Amino acid sequence: MDSPIAGGVLVTGGCGFIGRAVVKAFEPTGTPVTVVDRQSPLGPTDVAHVVGDLRDEHVRDEAVAPGTVGIIHLAAATSVLRSVERPTRTYTDNVAVTQELLELARIREVSRFLLASTNVVVGDVGTTVITEELPLRPLTPYGATKAACEMLLSGYAGAYGMATCALRFSNVYGPGMAHKDSFVARVMRAALTGSTVRIYGDGTQRRDFVHIDDVVRGVLLDWESGYAGRVIIGSGRSVSVLELVETVRRVTGRPVRTEHVAAQWGEMPAVVLDLSHSADVIGYRPAVDLADGLDSTWQYFRDEVGAVTA
């Protein structure tokens, strides 16, 4: 187990989909990075790794080394459906772990704390444009845990002067997401294997799909700016599920069979994001077009995932 590096940034969940991309993006900056994750690194790396579960006090103690300047907290239980089935476990993984990390950061005088949050903290707002100022009204245990984490960040910022920021990601997709169960990943697997993908309801519900490159750019912009508060990281374009499927068909040249099933409880009719605040405070402006982003994702699935399953 490699030792954490003092004076660097700790990335929790650094072996995950977003985590790997964030760690890679830090390489050119020269900032020392330590990763803590339940998984071991996939191959040789110069990045310090702590392998273990953040619910374990000893793992947290080793990961947040004295002299750490900031924490980018990406590790979490992210499945909405599993949060409904296992609310207590979701609370422990998300809220309890975040609290323990914040307290350790306070004790060890870590000055920055960035949290991967979500726009579902505002609940179902119909077709209302989502901004950072909407009240928190989550509809699921997952959304509630992220709302609670945002409140913890606010409390530690107010009481101890810690620079905390909640980065509210929309639906993240892109190369590296093979293990994910999000809709884009399911559509890509259907295109690759010829299987059928389920669409809940009539498919007219609109979502904001943001490419991993834009998400990483948002993380780095917030890190470099030092901004504390809340920012939305999305594409700024709301597309229907049907439109997404049609775009995947176009970029892959595959038919992508679909099956409509009953809509799930709490299905939001639309996710429409206002990115003006993010542009103002950290300079975030998405750069990846949906078709281009889905094309890069397809190339990844075809070349990496397809090669494994062939």
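Here's the yes/no breakdown for (1) surrounded by 15 or more Cβ atoms within 10 Å (Cβ to Cβ); (2) not assigned by TED's automatic domain parsing to the domain that holds Thr118:
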| residue | (1), (2) |
| --- | --- |
| Glu224 | no, no |
| Val241 | yes, yes |
| Gln264 | no, yes |
| Glu304 | no, yes |
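The set of residues from region 160-200 being touching a strand residue (DSSP E or B) at 6+ places or on another chain (Cβ under 9 Å) and of a type in the set (S, T, N, Q) comprises Thr164, Ser170, Asn171, Ser182, Ser195, Thr196.
Residue check: Thr12 meets all listed conditions (1) at pLDDT below 95; (2) closer than 30 Å to Gln264 by Cβ; (3) among the β-branched types (Val, Ile, Thr) but one, namely (1). For region 226-246, which residues satisfy the criterion of being free of Cβ contacts under 8 Å to residues at least 60 places away in the same chain and out of contact with any Leu (no Cβ under 6 Å at 6 or more places or on another chain)? Hits for region 226-246 are Arg237, Ser238, Val239, Ser240, Val241, Leu242, Glu243, Val245, Glu246.
Per-residue answers, yes or no, for (1) more than 25 Å from Glu224 (Cα to Cα); (2) in contact with a strand residue (DSSP E or B) (Cβ under 8 Å, 6 or more places away or on another chain); (3) at pLDDT 95 or above:
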| site | (1), (2), (3) |
| --- | --- |
| Ala63 | no, yes, yes |
| Thr68 | no, yes, yes |
| Ile71 | no, yes, yes |
| Leu74 | no, yes, yes |
| Arg82 | yes, no, no |
| Val95 | yes, no, yes |
| Glu103 | no, no, yes |
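Listed conditions (1) touching a Lys or Arg at 6+ places or on another chain (Cβ under 7 Å); (2) part of a helix (DSSP H, G or I); (3) not aromatic (Phe, Trp, Tyr) are all met by Val197, apart from (2).
Looking only at region 133-144, which residues are within 13 Å of Arg168 (Cα to Cα) and under 17 Å from the mean Cα position of the chain (by Cα)? Correct list: Gly143 only. Which pairs do you get when a residue that is not assigned by TED's automatic domain parsing to the domain that holds Val129, found in region 271-289, comes within reach of a residue that is acidic (Asp, Glu) and assigned to a loop (DSSP other than H, G, I, E, B), reach meaning Cβ atoms under 8 angstrom, with the pair 6+ apart or on two chains? Short answer, once both residue conditions are applied: His277/Glu132. The sole residue among Met188, Met177 that is surrounded by 21 or more Cβ atoms within 10 Å (Cβ to Cβ) and either at pLDDT below 95 or in a loop (DSSP other than H, G, I, E, B) (or both) is Met177. In region 1-95, counting only strands (runs of 3 or more DSSP E) that sit wholly within it, none holds 2 or more residues that are without any contact (Cβ under 8 Å) to a residue 60 or more places away in the chain, among the β-branched types (Val, Ile, Thr) and under 25 Å from Ala144 (Cβ atoms).
The values are calculated or read from the model by the stated rules, or taken from the named source; none is laboratory data. The shown structure was predicted, so the numbers you read here are calculated from the model rather than taken from an experiment. In this analysis, Cβ positions are derived from the backbone assuming ideal geometry, glycine residues included, and neighbour counts consider all displayed protein chains.
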